[in-house]
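First the structure, in the form of structure tokens, and then the observations on it.
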Amino acid sequence: MTERKRRVRFAPSPTGPLHMGGVRTALYNYLYAKQAGGDFILRIEDTDSQRFVPGAEKYIIESLKWCGIYPDEGVDAEGNVIETPSERHPHAPYRQSQRKPIYRAYAEQLIENGYAYYAFDSAEELDAKRKEAEANKSTFTYNYITRMELKNSLTLPAEEVENLLKTTNNWTVRFKNPENRVVEMDDLIRGHIEINTNTLDDKVLWKAADQLPTYHLANIVDDHLMEITEVIRGEEWLPSLPLHYLLYEAFGWQESQPRFAHLSLLLKPDGKGKLSKRDGDRLGFPVFPLKWVNAEGEVSRGYREDGYYPEAFVNMLALLGWNPGTEQELFTLDELIEVFSLERVIKSGARFNPDKAKWFNQEYLRKQTNSQLAEQFSSILEEKGVTVESNEKGIRADFEGKNFSFGYVESLCGLIKERAHFVADFWDICSYFFIAPASYAEKDVKKFWNAETKAIIEKMYSHIEAMDHQMQVPQIEEYLTGYVKENEWKMGAVMNTLRLFFVGEAKGLGIADIVYLIGQKETLGRISAAIEALPVE
Ligand code: GLU
């Protein structure tokens, strides 16, 4: 048999925003496909109209695009689902609701060959059965035993079946599980699995009421028609695997049946249970790639809006459940494509660590050039009422007009990038580079400000006044610390007092860095403003 072209798919149901676990599934599929020069297909599984959520499909497409995961088929670069077949999208449409006419014949084929049957039980009748079972402390399943006592084409006379098919429309097609057979399955991550068919229920495959297939039928038919070679999906689908195996067999498609890989769940930070939106709300991190607002107006935060770089998010996700077998943690998407393998995907759940997620972002932030960071920071500065002259490369600061050169912001970004996880942290770290402090931290004033330091700071003032304008940071450093040493003052006390006056509290960047950037005039202005604002008894 010739090796088939590797073709995998991500098949989300548009029932809400895509959980980060779903993004990871898409990512692993994508990496696996690209590694072999194969195809990654995006198929929208929207046959369950009751769970359909408007906007969810668009959200999914936008999320993948933000992550840099572009499907080869099923969606174009603009994020539109392709509706008609073309050379690039031969299996269009890729939205199952638009493929509706395809599935019925497949359901009929199964019935003709004895692998499925019509079931006429009403919802109320089945509900009554469920209640009856509950009363006896058991659970009702439509299976190889109960089906012989229920209303279906296995129990009713042929004419009645004909008649019901013609005159009613709430019947379904159910899969007829073989009796007492061991289904042998192989999973690329979990290995060999066996299950006895007597434990399975006869799942509904097709519904006359809406003329739509259920997930199981549509999924198998489409994977077959779309020539999927591997199904990589979440472990919540593992219980469906025996049915899927049996369906491939019933259709006679075993030859081209895809191989399966079920990914373990993403776990809460404490490792106890599945990572949910509530954990994110409680512990302060997003579980969705993008922000989502539901019909009730409830907002869920997103990695994008929280200031994550998509590259950092993708890198972090890749390592949640997979490892390269080396110490390396930072990977570009292209590097991931190269080294990813299903063999190194772990069987157990992957515990999510919010601090690690931040660490990844910090690493990517550090990789940005100062100029890239300055650009990203500029939009935040605008919101704060600061204008940045984007074409001005030199260092210039106008505190009164709140107008600064791009070069100024660029140099500043170089100084602070080691201290932040996100560009959104920048303002809190360095707002004093744009506005003089309006007040001074009381505890620092108490600690550092007294008659003695006042006398020292006044001398420092004159010393700074006499400073040569051409000095760069190292010379300024030397100029200031040299003077403190010469006078045998306490270095820490002097520098912290200056910091208190420049920043508003005794913390922040190096004094020489501050003086260099804000400039001599602003430096002196801040010292005299503080002396005036803080009288010494
Ligand atoms: N529509 C299913 C989901 O929403 C797809 C499962 C599969 O990949 O087979 O997860």
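Of the conditions (1) within 19 Å of residue 523 (Cβ to Cβ); (2) buried (at least 19 other Cβ atoms within 10 Å of the Cβ), residue 398 fails just one. Which one is it?
If we test residue 398 against (1) within 19 Å of residue 523 (Cβ to Cβ); (2) buried (at least 19 other Cβ atoms within 10 Å of the Cβ), just (2) comes out false.
Could you please find all residues in segment 95-108 being farther than 29 Å from residue 61 by Cβ and surrounded by 15 or more Cβ atoms within 10 Å (Cβ to Cβ)?
107
Tell me whether segment 170-183 contains one or more residues that are modelled with pLDDT under 95 and loosely packed, with under 15 Cβ neighbours inside 10 Å.
Yes - at least one qualifying residue is present in segment 170-183.
Return the residues of segment 79-111 that are over 24 Å from residue 176 (Cβ atoms), in contact (Cβ under 8 Å) with a residue 40 or more places away in the chain and touching a Phe, Trp or Tyr at 6+ places or on another chain (Cβ under 9 Å); say none if nothing qualifies.
97
Looking at segment 181-196, is at least one residue within 16 Å of the ligand (Cβ to nearest atom) and closer than 19 Å to residue 48 by Cα?
The answer is no; no qualifying residue exists.
Regarding segment 24-42, can at least one residue be identified that is open to solvent by less than 10 Å² (accessible area, probe 1.4 Å), assigned to a loop (DSSP other than H, G, I, E, B) and either within 16 Å of the ligand (Cβ to nearest atom) or over 11 Å from residue 228 (Cβ atoms) (or both)?
Looking through segment 24-42, none of the residues is open to solvent by less than 10 Å² (accessible area, probe 1.4 Å), assigned to a loop (DSSP other than H, G, I, E, B) and either within 16 Å of the ligand (Cβ to nearest atom) or over 11 Å from residue 228 (Cβ atoms) (or both).
Might you check whether a residue that is within 30 Å of residue 407 (Cα to Cα), assigned to a helix (DSSP H, G or I) and either of a type in the set (Phe, Trp, Tyr) or open to solvent by less than 80 Å² (accessible area, probe 1.4 Å) (or both) occurs anywhere in segment 436-449?
Among the residues of segment 436-449, not one is within 30 Å of residue 407 (Cα to Cα), assigned to a helix (DSSP H, G or I) and either of a type in the set (Phe, Trp, Tyr) or open to solvent by less than 80 Å² (accessible area, probe 1.4 Å) (or both), which makes the answer no.
Residue 65 passes all but one of (1) within 23 Å of residue 305 (Cβ to Cβ); (2) more than 14 Å from the ligand (Cβ to nearest atom); (3) assigned to a loop (DSSP other than H, G, I, E, B); which number fails?
With respect to (1) within 23 Å of residue 305 (Cβ to Cβ); (2) more than 14 Å from the ligand (Cβ to nearest atom); (3) assigned to a loop (DSSP other than H, G, I, E, B), residue 65 is out only on (3).
For the condition closer than 30 Å to residue 522 by Cα, at pLDDT 95 or above and of a type in the set (Asp, Glu), what is the one hit in 392, 363?
Step by step, each of 392, 363 is checked, and only 392 is closer than 30 Å to residue 522 by Cα, at pLDDT 95 or above and of a type in the set (Asp, Glu).
Of the residues that sit in segment 240-268 and are assigned to a helix (DSSP H, G or I) and open to solvent by 20 Å² or more (accessible area, probe 1.4 Å), which one is nearest to the ligand (Cβ to nearest atom)?
Here the answer is 245.
Output the residue which, of all residues in segment 163-180 that are closer than 26 Å to residue 49 by Cβ and in a helix (DSSP H, G or I), is nearest to the chain's Cα centre (by Cα).
Among those residues, the one meeting the criterion is 165.
Considering only segment 65-73, I want to know if a residue exists there that is within 22 Å of residue 87 (Cβ to Cβ), more than 20 Å from the chain's Cα centre (by Cα), surrounded by fewer than 20 Cβ atoms within 10 Å (Cβ to Cβ) and among the acidic types (Asp, Glu).
yes
Quick one: would you say residue 82 is over 29 Å from residue 241 (Cβ atoms), open to solvent by less than 50 Å² (accessible area, probe 1.4 Å) and β-branched (Val, Ile, Thr)?
Answer is yes for this residue.
Given the criteria modelled with pLDDT under 95, charged (D, E, K, R) and either open to solvent by 10 Å² or more (accessible area, probe 1.4 Å) or in contact with a Leu (Cβ under 9 Å, 6 or more places away or on another chain) (or both), does residue 537 qualify?
Judged against the criteria, residue 537 is a match.
Can you name the residue in segment 9-23 that is touching a Ser or Thr at 6+ places or on another chain (Cβ under 8 Å) and more than 10 Å from the ligand (Cβ to nearest atom) and, of all such residues, is least open to solvent (accessible area, probe 1.4 Å)?
23
Take the conditions near the ligand (Cβ under 10 Å from one of its atoms), surrounded by fewer than 16 Cβ atoms within 10 Å (Cβ to Cβ) and not β-branched (Val, Ile, Thr) and apply them to residue 51. Does it pass?
Against the criterion (near the ligand (Cβ under 10 Å from one of its atoms), surrounded by fewer than 16 Cβ atoms within 10 Å (Cβ to Cβ) and not β-branched (Val, Ile, Thr)), residue 51 qualifies.
Of all the residues that make up segment 226-239, how many are in a helix (DSSP H, G or I), in contact (Cβ under 8 Å) with a residue 12 or more places away in the chain and more than 10 Å from the ligand (Cβ to nearest atom)?
Total satisfying the criteria: 2.
Could you tell me which residue of segment 269-321 is farthest from residue 377 (Cα to Cα), considering only residues that are part of a helix (DSSP H, G or I) and open to solvent by 80 Å² or more (accessible area, probe 1.4 Å)?
Result: 278.
Of everything in segment 112-126, what is in contact (Cβ under 8 Å) with a residue 12 or more places away in the chain and outside any strand (DSSP E or B)? Give them in sequence order.
Within segment 112-126, 113, 114, 115, 120, 121, 122, 123, 125, 126 qualify.
Checking residue 160 against (1) open to solvent by 50 Å² or more (accessible area, probe 1.4 Å); (2) among the acidic types (Asp, Glu); (3) under 24 Å from residue 48 (Cα atoms): exactly one of these is not met. Which one?
Unmet for residue 160, out of (1) open to solvent by 50 Å² or more (accessible area, probe 1.4 Å); (2) among the acidic types (Asp, Glu); (3) under 24 Å from residue 48 (Cα atoms): (3).
Could you grab me the full set of residues in segment 458-492 that are polar (S, T, N, Q) and open to solvent by 80 Å² or more (accessible area, probe 1.4 Å)?
470, 472, 475
Return a yes/no flag: does segment 493-501 have any residue that is open to solvent by less than 80 Å² (accessible area, probe 1.4 Å), of a type in the set (Lys, Arg) and assigned to a helix (DSSP H, G or I).
Scanning segment 493-501, I find at least one residue that is open to solvent by less than 80 Å² (accessible area, probe 1.4 Å), of a type in the set (Lys, Arg) and assigned to a helix (DSSP H, G or I), so the answer is yes.
Kindly check whether there is at least one residue in segment 203-225 that is buried (at least 21 other Cβ atoms within 10 Å of the Cβ), within 31 Å of the chain's Cα centre (by Cα), of a type in the set (A, V, I, L, M) and within 11 Å of the ligand (Cβ to nearest atom).
Yes, segment 203-225 contains at least one residue that is buried (at least 21 other Cβ atoms within 10 Å of the Cβ), within 31 Å of the chain's Cα centre (by Cα), of a type in the set (A, V, I, L, M) and within 11 Å of the ligand (Cβ to nearest atom).
Show the residue pairs meeting these rules: Cβ distance below 7 Å; 6+ apart or different chains; first residue within segment 412-429 and closer than 12 Å to residue 513 by Cβ; second residue crowded, with 22+ Cβ neighbours inside 10 Å.
Taking only residues 6 or more apart or on different chains, the pairs are 412/430; 412/433; 416/426; 416/430.
The values are calculated or read from the model by the stated rules, or taken from the named source; none is laboratory data. What you see is a predicted model; the values in this text were computed from it and never measured. Glycine gets a Cβ as well: all are built from the backbone with ideal geometry, and neighbour counts include every protein chain shown. Note: areas computed on protein heavy atoms with side chains; ligands, DNA, RNA excluded. Shrake-Rupley method; radii C 1.70, N 1.55, O 1.52, S 1.80 Å.
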